[in-house]
Amino acid sequence: MKNLAAIDLVILVMIRILSFASDEVIAVVSDCWEPYTCSSQPGRNGIAVDIFMTIFRRIRNNLQ
């Protein structure tokens, strides 16, 4: 449960940062920590990666 709270906190901070950024490049890095940031199945992402990609995609679409 603490891991999910940490992910939520990171997401909220990133949303706040992105609200000030327009054409900034943001890199999110991590080590492989299954199932959060990687998957043992080829072609699949971890849960946190999917969440970040969804958030960034929605923000990018709202800025366009």
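We did not get these values from a lab; they are worked out from the coordinates using the rules stated. It should be emphasised that the depicted structure is a prediction, and the values quoted were computed from it without experimental measurement.
Give me the three principal axis extents of the range 2-63 from the C-alpha atoms, as integers in angstrom, largest value leading.
Taking max minus min along each principal axis of the Cα atoms, the range 2-63 gives 35, 27, 16 Å.
Please state the relative contact order of the range 22-64 as a whole percent: Cα pairs under 8 Å, 6+ residues apart?
Rounded, it is 24 percent for the range 22-64.
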